[in-house]
Structures are given as C-alpha cells and as structure tokens.
Amino acid sequence: MPATAIAKLSTAQTLLDKIWQQHLVADLNPERSLLHIDRVLLHERTGPALLEGLTHAGRSPRHAHRVMGITDHIVSTAPDRLRTRTSHQGSSFIRDFEERTAQAGIELIGLQDPRQGISHVVAPEQGWVLPGMTAVCPDSHTGTLGGIGALAWGIGSTEGEQAVATHTLVRPRPRQLRVRIDGRLPQGVYAKDLILALIAREGAGGGQGAALEFCGSTIDELDVEGRMTLCNMAVEFGAWTGLIAPDDRTLAWLHGRRDAPQGAAWDQAVKAWQTLRSDDAARWDWELQLRAGQVEPQVTWGTSVDLGGGISQHIPEPALERDPARRAQMERALVYMDLVPSAPILGTPIDAAFIGSCTNSRLPDLRAAAAVLKGRKVAAGVRAWVVPGSMPVREAAEAEGLHKIFEEAGFEWRASGCSLCFYSGAERLGDARRIISSTNRNFEGRQGPGVRTHLASPATVAASAVAGTIADPRPLLGH
C-alpha cells in the first residue's frame, strides 16, 4: 500500500473519534480518557439524592447553567393533573427535586412548565443538546440523543455528582461498531421494527458495549425522530451508546429551536456540525448489515428484547435451541408470558395497549398510530393509553387533530411523562396482565407485578388495540 494511503488510513476518524477528540481533557492511559461533559440532565427519581450527595461532599455545580432538571419519571400523566393536583407516589420526590434544584441554581422544567416532558424528548426538542455535544443523565436511555449526533450515555449517581461538580468524566475508550441499514422501509415498518429485528437476529448482547453508529440509505431517509428511536434502543442491543451523523435533515429539525444558536451563531454552528461524519477511510472494530426491505412489523414474545421476531412468525420451540442457557431463558420466558411454543404470535389476546416512552412518543409516532386508528374503535375490554413525550408534542398533535382520533377510537389522551415505560407504582392500567407497548423493555414486572409486555411499534400497538389481539398493522394501512 502506498505511504500516502497508509497515512490517510491512520488519520481517518469515525464520528465517535471526532467528538471524543474535541472533548478530550487528558488521556489517562491507552484505554481511558478524561472527557469534558457539555450537558448534564437530572430527573426527579434520582436527582434529589444526587444533589444531596453533592451538598454533603461540600461541592456545588461548576456550571449550573449547563445542568437541566426535568420532572418526568414518576409523575402523573392524568390530563387534569395540574387542576386536580393528583396525588401519587412521586409527589415527595418532585417536591424535593424542586427544592434542591432551586438551591443549586439549576433550571428546572417542572410539571407546570409548558416544555415539560421526558428528558430525552425535551433536551433535543428545546435545542438544549446539540450535535457534537457530550451529554449524560442518570438514565440508561440517554443515548437517544445520538439521533441528532450528540455523544450521550447513561450514568450512575456517583458519576452524576462528578459530572455536575466538574463537567468531566473518565471513560474507557469503547470498541466501535457500524450498523449499515439500506433500502426503503416497507409500509407498516418503522424504526422500532428495524432495531427490534436487529436485536432479535444478533441477540441482546450483540452490541458488546460498543459505540454503535447507524448509517446507510435507510438512515439517510429516516426522520430525526426515527433516528432517535434507533439510538434509544442501542442500549437494549448491549451497546454503550448509539450515534447517527447529523445531516441536512438534522439541521432543518433543529433550526429555530428555543436554545439552538441563532443568526450568525447558527451559521457558525452549522459549519462545525457538517464536519461531524465518519471519514470514508475510517475503520470500525466490526460491522453489521440489515436490509430494510426484508423487515416486517416486529413484536416480542419473551422477557428479553431479543426474544421476538416478525409478526407473521410462530413462537420458537425451546427444545430446538442448542445453547442450554438460551434454552432455559426461553423456557422461563414462555412460562412467565403464558405462551405456547410453535403457536403464532398473531392473535394473542391482549388486555391493554400503551403508546409512549422516550422510544416512541414523538409526533411521527403519534401520526403513525393515528393513521391506523382513524375511523376505528378499540376492542371491547381493552384499555388503551397514549402518553405524548412532551407537552409541546401534545400541543402539536392537538393542532393536527390527532387527539380526536385517539379519543374517538377509545384511547385515553394523557399528559406527558415516562408513565408506563416502567412500574413505579405511580400509574397502572388497572388489572391488565398482557400489554402491547411501544416502550423499550419487557423483562418480568417491567410494567407492573405479573404484567406481560410485548414490545412493538406504535402502529402495531394501535392495530392490536383495535383487534383486541396482537395484530399486523399493514392490512389497516392498505397493505
């Protein structure tokens, strides 16, 4: 190989390399670096204890204006929550969070703030997190922000204290994985289906703790919200975080956002963001490919995200699994889920349907579900909720009349929050024991004691609510 070609390979960088280098404070050894952290997000579930620990250590926020508190995890999503001051288990957390953020000089987006919503929805929606930034939050789905080209990841409370006090964190340099997805999305197939199909094929540990970059023609055509869905679930694939290079679609989505640069500062930012893409000669530790045209609507049948597949498939037979550990996992999952091997997943009766979470609660998600529900009714005996990812999303959906479609179909149209993404005792769907959900996790008890969760796209959730059983959305979309 010519010397010039070797030099080009040695200097070529991935998107991760570029952001890492721009935030490098010091290399501690060949494997670990001290990185500058641009933004820290806190929420009311862990934020009060984190800020209390900081105070006890005699520390204070180094840059309070670069820390944002958002009330989202254990809040009531009842539509009248402010008027009736709905009492719920999270009330004490919320009050403590309000007091501690005020004492620390940290801006809080609370329940009465019109910007309120789920942290990973609000931060990019407000332009508070931007391409090329580093951002952390005590929440495992912080990688969602990689959908706009930010390097973001979930942390624990101890790291959270350090990030607030110093705006630095020590990180091991991760391996790098590129996932290339090409082809046109079939009707009724969405970003959620792509990531579920990838995880079902490669396993929940397929990401091996890597920094995962999505690319390919499918990604180029995917809306920004869909990109955030992919990066949101990179952690369910076992990856450290997910990334997608910002492009013209990203810039158009961010332009005019409340906290995004304006005027000349915007033009300067755009020039910097346009460099945030992997070089042609960049190398990854390994690569995977997925053909979008071969993916059908997906649904999980087990208690791990990788226990799922295409909606037309039958539930696998554990006896055919060669790996003893995997076979035991499948057997336990089928007992918990009360399902029979070799039976079709289509037609499995459900008790409830949930559309929401930081995975699938943005405006395009609601539009996709509404397209299925328009002119139809939720099946008798099925309870259904839709929880927008933020109050601005809720307002935008109402401006399009989407709330009327949901309400006329029989869905409850609620206020924003994490809601039934996980069970905290704050909210529950009555006695429902089998739920089809647009959320991101399906382990035992994730949505309540004994609750069986099937993960799917908002469109599949909507179709299932109408059928009263797990259903394919494509026939309702003219497929």
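The values are calculated or read from the model by the stated rules, or taken from the named source; none is laboratory data. Computed from a predicted model, the values in this text were never measured in an experiment. Counting neighbours? That spans all protein chains shown, and the Cβs are built from the backbone with ideal geometry, glycine included.
When 281, 272 are checked against the criterion of being surrounded by fewer than 19 Cβ atoms within 10 Å (Cβ to Cβ) and assigned to a helix (DSSP H, G or I), a single residue qualifies: 272. Contact map, the range 248-275: first residue in contact (Cβ under 8 Å) with a residue 24 or more places away in the chain, second residue assigned to a helix (DSSP H, G or I) and aromatic (Phe, Trp, Tyr), Cβ cut-off under 8 Å, separation 6 or more or different chains; pairs are 250/273; 260/266.
Quick grid of which residues meet (1) among the β-branched types (Val, Ile, Thr); (2) modelled with pLDDT of 95 or more; (3) outside the structural domain of residue 191 (by TED's automatic domain parsing):
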position	(1), (2), (3)
379	no, yes, yes
396	no, yes, yes
401	no, yes, yes
414	no, yes, yes
424	no, no, yes
438	no, yes, yes
454	no, yes, yes
466	yes, yes, yes
473	no, yes, yes
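Residues of the range 359-378 that are assigned to a loop (DSSP other than H, G, I, E, B), surrounded by fewer than 24 Cβ atoms within 10 Å (Cβ to Cβ) and of a type outside the set (A, V, I, L, M, F, W, C): 374, 375, 376, 377. Would you confirm whether any residue within the range 320-336 is of a type outside the set (Asp, Glu), buried (at least 16 other Cβ atoms within 10 Å of the Cβ) and in contact with a Phe, Trp or Tyr (Cβ under 6 Å, 6 or more places away or on another chain)? No, the range 320-336 contains no residue that is of a type outside the set (Asp, Glu), buried (at least 16 other Cβ atoms within 10 Å of the Cβ) and in contact with a Phe, Trp or Tyr (Cβ under 6 Å, 6 or more places away or on another chain).
Strands (runs of 3 or more DSSP E) fully within the range 1-85 that include at least 1 residues being farther than 29 Å from residue 179 by Cβ and modelled with pLDDT of 95 or more: 24-29, 39-43, 67-70. Residue 220 falls short on exactly one of the conditions (1) buried (at least 22 other Cβ atoms within 10 Å of the Cβ); (2) in a helix (DSSP H, G or I), and that condition is (1). Beta carbons closer than 6 Å, at least 6 apart along the sequence or on distinct chains, pair a first residue in the range 37-64 that is in the same structural domain as residue 141 (by TED's automatic domain parsing) and on the phi < 0 side of the Ramachandran plot with a second that is modelled with pLDDT under 95 and of a type in the set (S, T, N, Q) for 46/157; 50/157. List pairs: first residue in the range 291-308 and on the phi < 0 side of the Ramachandran plot and in contact (Cβ under 8 Å) with a residue 60 or more places away in the chain, second residue surrounded by fewer than 22 Cβ atoms within 10 Å (Cβ to Cβ) and among the hydroxyl-bearing types (Ser, Thr, Tyr) anywhere in the structure, Cβ distance under 6 angstrom, at least six positions apart or on different chains. As it stands, the answer is 303/336, since those pairs meet every condition given. Of all the listed residues (302, 309), the sole one being part of a strand (DSSP E or B), modelled with pLDDT of 95 or more, within 23 Å of the chain's Cα centre (by Cα) and not assigned by TED's automatic domain parsing to the domain that holds residue 195 is 309.
Scanning the range 177-188 for residues that are surrounded by 22 or more Cβ atoms within 10 Å (Cβ to Cβ) and touching a Ser or Thr at 6+ places or on another chain (Cβ under 9 Å), which turns out nearest to residue 284 (Cα to Cα)? This residue is 178.
Of the residues making up the range 456-473, those that are in contact with a Gly (Cβ under 7 Å, 6 or more places away or on another chain) and closer than 21 Å to residue 230 by Cβ are 459, 473.
Filtered by the rule that a residue be surrounded by 14 or more Cβ atoms within 10 Å (Cβ to Cβ), over 25 Å from residue 445 (Cβ atoms) and not β-branched (Val, Ile, Thr), the range 288-316 gives 288, 290, 292, 296, 297, 310, 313, 314.
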